[in-house]
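The values are calculated or read from the model by the stated rules, or taken from the named source; none is laboratory data. The structure presented is a predicted model; accordingly, all values stated were derived computationally and were not measured. Cβ placement follows ideal geometry from the backbone for every residue including glycine, while neighbour counts extend to all protein chains displayed. Areas reflect the complete protein model, heavy atoms only, side chains present, ligands, DNA and RNA absent. Shrake-Rupley method; radii C 1.70, N 1.55, O 1.52, S 1.80 Å.
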Amino acid sequence: MTITAPTPSADTLRGLCEVHLPGDPGYDAARTPWNLAVDQRPAAVAVPRTVEEVTAVVRAAAGAGLRVAPQSTGHGAGPLSDVSLSDVVIVRLSELTGVTVDASAGTARVVGGTVWQDVVEAAATHGMTALHGSAPDVAVAGYTLSGGLSFYGRQHGVAANSVRAVEVVTADGSVTRADATTNPDLFWAIRGGGGNFGVVVAIELDLLPYADVYAGMLLWDRERSPEVAHAWATWTHDVPESVTTSMRIMSFPPLPDLPPFLSGRDLIVIDGALLEDDDRATELLAPLRALAPEMDTFGRMPAARLTDVHMDPPAPAPAVSDHSVLGELTEETIEALLGQVGPGTQSGLLFAELRHLGGAFSRPSPTGGALSHVPGAYAYLGAAMAPFPEAAAAGQAAATAVARALAPWSQASRVPTFTDLRVETGSMFDGEAWARLSHLRDAADPGRLFVANHQL
Ligand SMILES: Cc1cc2nc3c(=O)[nH]c(=O)nc-3n(C[C@H](O)[C@H](O)[C@H](O)COP(=O)(O)OP(=O)(O)OC[C@H]3O[C@@H](n4cnc5c(N)ncnc54)[C@H](O)[C@@H]3O)c2cc1C
């Protein structure tokens, strides 16, 4: 349902903080998520600047019979496309930000909707980094509380395991701290259950002791993709856990804003990080470099620059995608992928990516939360630009066609941060964790005040 005027209940939020209601001049800008393909039309958007404003909004929304959707950037807004938000207040955390590093403890305290680049730059001043993802402008909260797959992840596991404590505005409007000894059930549940349990106003997380890393990308024309994709698959079967990479077949439209090596080109790109010294990293990369890439940016770089390597869009963009988890990667799997996006095809996808999982990604952590590992050996993610509805439909069909072609090697599980569709949320957790999570959600928020992208 499209609402064009404030509802009486949403009107009660006015004055509590910066609030935009339907019909207000700022409503359209405030409701727009990072993923511009998602047309969110909530009852209100609240933009708190303090924790007190968050609590006031949560209490007022509950009192007025409205629901609350925490959102930091809207990178993960895709699953909300199919949900009516006509009785929902989006609490946008983009103005409640900040990072404090405790260098001696090796931790950072990250406020509300802070994005990863702010954290890695603050950590870098102390010679450290964190389990961030590929993009600088993804928020710590949505990424980390949904697992979080980093290019350090095969060695260090999912980012959710790096969380030491959270501060959350819960359904009763109070600010609750949760850590291993205080509110341990909430601490367990929110590391996977994320926005289903409240508005997270701070996260304390462990940093990593890396000032610089060996990272970069190798790039070839797509014509080389049969040879390169098979070589990458074989290579990943043997590399140590210190190596986390992705392989993408990419197609860029001819755009003046793109550098010439991307504009109008079909490519195959391998990128990621090797937590090794230069000699060992060079030795490990040798089989891929032997394929004579057109571009090779791998080398030692400040850890804070790892967020440049994957070439994620520098600004909000309209995108649709599909995803699956592969249990194995055989020669036939690669052939199936090439049949969809290899030389001579025109899938319409911006990219079809395989992210190497396994290693510490696959190992449940005894001290972890509801999502302490992701099963599977590789994650497929296919995405298309979706500037208008017909493009969205075609792009979605193309991303799903690749997932179908990979189905013989896929498992039922899904990685939450790679899932932009509304799917059965239970598929993101193992059975025991799912049962406990559902029980804790019923106890913490029986009235379903909170609306997360992956709803429990
Ligand atoms: C360009 C791009 C690159 C990416 N790279 C990676 C990657 O390398 N690895 C990876 O694992 N994922 C990656 N992702 C996926 C990304 O991690 C998810 O989309 C994630 O949900 C984004 O978090 P966000 O807070 O920025 O987004 P949002 O859309 O704001 O949040 C997503 C959900 O998280 C919850 N949430 C967000 N903030 C809060 C809060 N303060 N309190 C409570 N709940 C909250 C809500 O339930 C919300 O619906 C990428 C996505 C994009 C678009």
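Of the residues ALA29, ALA61, the single one that is touching a residue at least 12 places away in the same chain (Cβ under 8 Å) and outside any loop (DSSP other than H, G, I, E, B) is ALA61. Within the stretch 187-202, is there a residue that is under 25 Å from VAL120 (Cβ atoms), open to solvent by less than 40 Å² (accessible area, probe 1.4 Å) and over 24 Å from the mean Cα position of the chain (by Cα)? No, every residue in the stretch 187-202 fails to be under 25 Å from VAL120 (Cβ atoms), open to solvent by less than 40 Å² (accessible area, probe 1.4 Å) and over 24 Å from the mean Cα position of the chain (by Cα). Scanning the stretch 354-381 for residues that are over 17 Å from HIS237 (Cα atoms) and open to solvent by less than 20 Å² (accessible area, probe 1.4 Å) turns up GLY368, GLY369, ALA370, LEU371, SER372, VAL374. Taken as a whole, the structure leaves PRO42 outside the set of residues that are in contact with a Lys or Arg (Cβ under 8 Å, 6 or more places away or on another chain), touching a residue at least 60 places away in the same chain (Cβ under 8 Å) and open to solvent by less than 20 Å² (accessible area, probe 1.4 Å). For the stretch 237-273, filtering for residues that are without any contact (Cβ under 8 Å) to a residue 40 or more places away in the chain and of a type in the set (A, V, I, L, M) leaves 2. For the stretch 316-354, the candidate set comprises residues that are under 18 Å from the mean Cα position of the chain (by Cα) and of a type in the set (Val, Ile, Thr); within that set, the residue that is farthest from VAL115 (Cα to Cα) is VAL325.
Restricting attention to the stretch 232-285, the residues that are open to solvent by less than 40 Å² (accessible area, probe 1.4 Å), of a type in the set (Ser, Thr, Tyr) and not in a strand (DSSP E or B) add up to 3.
Within the stretch 416-424, is even one residue touching a strand residue (DSSP E or B) at 6+ places or on another chain (Cβ under 8 Å), among the hydrophobic types (A, V, I, L, M, F, W, C), part of a helix (DSSP H, G or I) and more than 14 Å from the ligand (Cβ to nearest atom)? No, because not a single residue in the stretch 416-424 is touching a strand residue (DSSP E or B) at 6+ places or on another chain (Cβ under 8 Å), among the hydrophobic types (A, V, I, L, M, F, W, C), part of a helix (DSSP H, G or I) and more than 14 Å from the ligand (Cβ to nearest atom). Where helices (runs of 4 or more DSSP H) fall wholly inside the stretch 133-200, the ranges with 1 or more residues that are in contact with a Leu (Cβ under 7 Å, 6 or more places away or on another chain), more than 8 Å from the ligand (Cβ to nearest atom) and among the acidic types (Asp, Glu) are 184-193.
Check the stretch 293-310 and report whether any residue there is of a type in the set (A, V, I, L, M) and more than 27 Å from GLY127 (Cβ to Cβ). For the stretch 293-310, residues of a type in the set (A, V, I, L, M) and more than 27 Å from GLY127 (Cβ to Cβ): present.
Here's the yes/no breakdown for (1) more than 19 Å from ILE190 (Cα to Cα); (2) of a type in the set (Gly, Ala, Ser):
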{"position": "GLY358", "(1), (2)": "yes, yes"}
{"position": "TYR380", "(1), (2)": "yes, no"}
{"position": "PRO387", "(1), (2)": "yes, no"}
{"position": "ALA391", "(1), (2)": "yes, yes"}
{"position": "ALA394", "(1), (2)": "yes, yes"}
{"position": "LEU406", "(1), (2)": "yes, no"}
{"position": "THR419", "(1), (2)": "no, no"}
{"position": "GLU424", "(1), (2)": "no, no"}
